[in-house]
Amino acid sequence: MPLENRYDLQQLLLVRMDIPQWHTIWQRNFTRVIPFLDFCQISPSDRLQILSSSPFPINVPERIAKKIEKGSIDDPLFRQFAPLMAEETATAGFDADPLHETTAHCTENILCKYHGRALIITTRACGMHCRFCFRRHYPYCQGPSDFHDELSWLHDHHEIDEVVLSGGDPLAQPTSHLERLLSALGKISHIKRIRLHTRFPIGIPERIDDELLSSLQKIPQQLLVVLHVNHPKELDDEVIVSLSRLRRLGIPLLSQTVLLRGVNDRVEILESLFSTLGNAGIIPYYLHQLDRVLGAAHYEVPVQKGLALVEALRGRMSGYLVPQYVQEVAGRPCKMAVSTAITLS
Ligand SMILES: *Cc1c(COP(=O)(O)O)cnc(C)c1O
Ligand code: SF4
């Protein structure tokens with residue numbers, strides 16, 4: 001074999017060996033309903049409550065599936081990731097674009113709703129599919145972007161001092177892509193903070209690997225990470241250790257939680273979630289009232305109940321462990337404190 005070809009072969013092997021571990025684990029997610037239900041040992045009668053397929057396909061990391069109590073459709077993890085028949089019940093007030101996001105674009109991949117902040121949709125992919133996702137019907141653009149238009153828009157908009165990387169999940173893209181985007185943002189001097197909104201480490205904590213940590217260390221701006229987490233069962237030891245690796249880099253960690261019927265709408269569960277987060281050095285930031293997206297009505301908790309839960313938490317926990325209870329109201333200049341949102345809507 002000529003020398004050049006042998007060299008190519010070596011390169012090829014190197015590239016193959018370079019597929020990061022997290023990616024291999026992610027590829028093993030459950031993406032079909034039947035094998036997922038079989039794995040969870042769901043009984044034939046309970047299966048009648050579950051859709052066999054959905055235009056928003058299931059996507060469940062093995063680690064999450066393993067934590068689901070066998071045979072239990074009431075398990076808080078099962079409820080977040082399994083497509084119940086209830087998704088197909090049309091409910092007044094629930095629609096495909098509850099936050100009017102399709103009209104809040106500055107470029108194809110930038111949403112700009114709030115003063116000083118721009119949100120980049122970095123990818124359509126996620127580590128997992130949460131059934132109540134408010135972007136479950138979002139018309140993501142296909143294929144990877146080089147963010148040319150986004151970067152040039154940000155260059156021109158000096159009033160933006162914070163960029164939120166969202167998606168999809170910004171950690172669902174290869175580290176090299178993320179690094180390219182971060183390094184381009186790093187060169188825009190009026191951007192002072194970059195926030196990463198992610199749920200990835202909950203399903204695949206291996207995502208927080210050395211390669212990612214070393215790319216995050218290269219950014220000149222202050223980085224913050226906001227973790228989407230809804231139930232204490234999501235926070236096992238390995239997840240917490242992986243998050244502490246981010247915290248050790250000096251990256252403040254915040255959390256956001258969606259209030260979900262049958263998942264976390266009890267004071268004991270929220271108390272356990274927020275204290276577990278606090279113990280891990282993660283500050284609970286937002287508790288979101290569910291966005292009224294089509295297919296998620298069965299997750300809605302009445303606002304009065306949410307307010308009572310938050311009040312009860314205040315009586316039991318350190319003030320900084322009780323997140324702000326907010327609701328997004330389309331067209332408003334910020335996420336609204338729920339009590340205010342009620343009076344306005
Ligand atoms: C939620 C959101 C933000 C961030 O809002 P904060 O209240 O600062 O956390 C920014 N841009 C968009 C489009 C958002 O939806
Ligand atoms: S990880 Fe976030 S963006 Fe992805 S499906 Fe869940 S809620 Fe939606």
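Across all Cα pairs in the chain, the calculated P(r) in 20 Å bins from zero up to the longest distance comes to 28, 60, 11, 1 percent per bin.
Where both residues lie in the chain, what percent of DSSP beta bridges are antiparallel, nearest 5? Bridges in the chain that DSSP calls antiparallel: roughly 25 percent.
Counted residue by residue at 0.36 nm each, then reduced by the alpha carbon distance between them, the extension gain from residue 238 to residue 155 reaches 26.0 nm.
If the segment from residue 62 to residue 218 were pulled out straight at 0.36 nm per residue, it would be longer than the present Cα-Cα gap by 53.0 nm. Taking a straight line from the alpha carbon of residue 66, these lysines sit under 27 Å away, with near neighbours fewer than eight places off in the same chain left out: 233. The ranking of 26, 153 from fewest to most other beta carbons within 10 Å of each one's beta carbon is 153, 26.
Going by neighbour counts of Cβ atoms within 10 Å, the residues 257, 102 line up, fewest first, as 102, 257.
Throughout, read-outs are computed from the coordinates displayed, never taken from laboratory work. Predicted model, so just to flag it, every value in this text is computed and none were measured. With ideal geometry, Cβ positions are generated from the backbone for all residues, glycine too; neighbour counts draw on all protein chains shown.
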